[in-house]
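Beneath this line is the structure, given in C-alpha cells, with notes to follow.
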Amino acid sequence: MTPQTLTTSALPQVRDAAGLTFAALLGLGLLFVASFSQAAVMHDMAHDQRHALAFPCH
Ligand SMILES: [Zn+2]
C-alpha cells in the first residue's frame, strides 16, 4: 500500500462529510427561517414563485 493510495481513498470520505455538513446546515437554516416567519409571508412567497413559473393559480 502506497501513501498515494491512502490519500485518494480518504478524499471521498472528506467530501461526503462536507456535503453532509452543508446539507444539515441548509436544512436547519430552512427550518429556523420557516419557524420564525409569519405564515402570510411564507404564503405570499410561495404564491409569487408560482406566478413566476407561470403555473395556473387563480
Ligand atoms: Zn395566484
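The values are calculated or read from the model by the stated rules, or taken from the named source; none is laboratory data. Predicted, not measured: the structure shown is a model, and the values here were computed from it. Cβ placement follows ideal geometry from the backbone for every residue including glycine, while neighbour counts extend to all protein chains displayed.
Laid out as a table, the results:
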read-out: Residues within segment 24-43 that are outside any helix (DSSP H, G or I) and surrounded by fewer than 10 Cβ atoms within 10 Å (Cβ to Cβ), tallied; value: 1
read-out: Residue pairs meeting the criteria (Cβ under 9 Å; at least 6 apart or on separate chains; first at pLDDT 90 or above, in segment 37-54; second within 12 Å of the ligand (Cβ to nearest atom)); value: His47/Cys57; Gln49/Phe55; Arg50/Pro56; Arg50/Cys57; His51/Cys57
read-out: Subset tally (residues that are within 16 Å of the ligand (Cβ to nearest atom) and of a type in the set (A, V, I, L, M)) for segment 19-51; value: 5
